[in-house]
1. Answer yes if at least one residue in the stretch 189-198 is loosely packed, with under 15 Cβ neighbours inside 10 Å, among the polar types (S, T, N, Q) and more than 30 Å from Val93 (Cβ to Cβ), and no otherwise.
2. With the structure loaded, tell me whether Phe30 is buried (at least 22 other Cβ atoms within 10 Å of the Cβ) and not charged (D, E, K, R) or whether it fails that test.
3. Can you tell me which of Ala233, Ala264 is open to solvent by 50 Å² or more (accessible area, probe 1.4 Å) and not β-branched (Val, Ile, Thr)?
4. Could you say whether any residue in the stretch 88-96 is part of a helix (DSSP H, G or I), open to solvent by 50 Å² or more (accessible area, probe 1.4 Å) and of a type in the set (D, E, K, R)?
5. What residue, of Thr86, Thr39, is among the polar types (S, T, N, Q), out of contact with any strand residue (DSSP E or B) (no Cβ under 8 Å at 6 or more places or on another chain) and over 24 Å from Ile138 (Cα atoms)?
6. When the stretch 269-290 is examined, which residues are found to be open to solvent by less than 10 Å² (accessible area, probe 1.4 Å) and not in a loop (DSSP other than H, G, I, E, B)?
7. Taking the condition β-branched (Val, Ile, Thr), in contact with a helix residue (DSSP H, G or I) (Cβ under 6 Å, 6 or more places away or on another chain) and under 30 Å from Gly98 (Cβ atoms), does Thr276 pass?
8. Give the residues of the stretch 291-312 that are of a type outside the set (Val, Ile, Thr), in contact with a Pro (Cβ under 7 Å, 6 or more places away or on another chain) and either at pLDDT below 90 or surrounded by 23 or more Cβ atoms within 10 Å (Cβ to Cβ) (or both), sorted by residue number.
Amino acid sequence: MDSLWALAAGVDLDLLGRFAYMLALVAVGFGARRLGVLTNDRNERLGQVAFYVLLPALVFSSTYDKRLGELVSVALVAGLVVVIGTLVALSLVSNRGGDDDVRSVAVIQSYHGNFGYFGVPVVAATLGSTAAATASIILGLGALIQIPLTILVLVRINETEADFLGELRNLVTNPILLTLGVGLVFATLQLDVPTAAGTGLDWLSTLALPVALLAVGGSLDPRGPEIPLTRTATVVGLKVLVMPLIAWLVFSGLGADAMTRNAALVMFGAPTAVSTYVYATELGGDSAFASVNVFATTVASIVSLFFLLLVIT
């Protein structure tokens with residue numbers, strides 16, 4: 001019995017250490033940005049390294065050697081659609097009334113998660129490469145749903161115009177999604193990767209989490225005049241608490257295996273995507289409010305995911 005308690009304590013301390021490390025990386029990026037060390041240009045380049053090199057390496061190395069049947073299932077696809085659809089409905093109901101520029105941002109930031117920079121790296125670091133492969137599928141399918149939906153919501157509520165063809169082009173040429181497609185081809189055809197290349201990909205994959213979190217920290221801006229804190233609290237509650245709870249119920253109800261369910265819980269417990277700030281700025285949303293929500297959900301999700309992982313692992 002004593003050995004079991006010691007083992008449990010060791011697992012908790014290990015998980016605590018991982019999340020303290022994650023929080024520290026976000027704090028370092030945030031502090032470096034405030035001190036002027038991580039300028040806007042430098043943070044943009046850091047994000048580009050993560051977006052074009054490290055995250056694609058993580059996605060490919062997580063998927064290329066897996067069987068396609070292990071990655072994609074009816075429960076996974078159905079669960080993804082049901083969870084996002086449910087959160088969209090809840091966010092619309094919870095954010096009725098008020099100024100359109102604030103309401104539109106509150107709606108999209110209640111469901112649009114940071115699957116790439118935050119979700120997949122955290123799943124890989126805490127649940128392993130097999131779960132990261134499933135998380136990569138969620139990233140790919142989720143992007144196909146979240147991005148067009150977010151643009152549509154902002155356009156409809158704010159009565160603005162959007163370059164849908166341009167956004168579709170950006171989505172199709174997204175390097176992470178392209179890499180996911182290549183990884184799935186390798187998985188389907190059971191193609192091998194040279195040992196040296198595999199070793200290099202693994203090394204790059206280990207850098208995905210720290211670099212991505214530094215970039216996330218450098219992009220956070222909690223400032224903003226007259227921010228409606230009640231709205232922010234609603235966004236935080238829906239995104240980091242309600243969404244993973246709904247995911248738990250949906251994936252359990254669909255009979256998903258434990259690994260798929262746990263990967264989905266972490267992905268849906270990720271904070272609001274930084275890209276929602278960009279979409280809000282371009283499509284009539286309140287950019288200051290959007291920035292505060294990204295900051296608040298990022299900090300809150302690190303705490304909530306720690307307790308979530310304590311339960312599921």
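1. yes
2. Yes, satisfied.
3. One residue alone meets the criteria, Ala233.
4. no
5. Result: Thr39 is the single residue among Thr86, Thr39 that is among the polar types (S, T, N, Q), out of contact with any strand residue (DSSP E or B) (no Cβ under 8 Å at 6 or more places or on another chain) and over 24 Å from Ile138 (Cα atoms).
6. Once the filter is applied, which keeps residues that are open to solvent by less than 10 Å² (accessible area, probe 1.4 Å) and not in a loop (DSSP other than H, G, I, E, B), the stretch 269-290 yields Thr272, Thr276, Ala280, Phe289, Ala290.
7. So Thr276 fits the description; yes.
8. Those that are of a type outside the set (Val, Ile, Thr), in contact with a Pro (Cβ under 7 Å, 6 or more places away or on another chain) and either at pLDDT below 90 or surrounded by 23 or more Cβ atoms within 10 Å (Cβ to Cβ) (or both): Phe295, Ser301.
The values are calculated or read from the model by the stated rules, or taken from the named source; none is laboratory data. Please read all numbers here as calculations on a predicted model, not as lab measurements. Virtual Cβ from ideal backbone geometry, glycine too; neighbours counted across all protein chains shown. Ligands, DNA and RNA are excluded from the accessible area calculation, which covers all protein heavy atoms including side chains. Shrake-Rupley method; radii C 1.70, N 1.55, O 1.52, S 1.80 Å.
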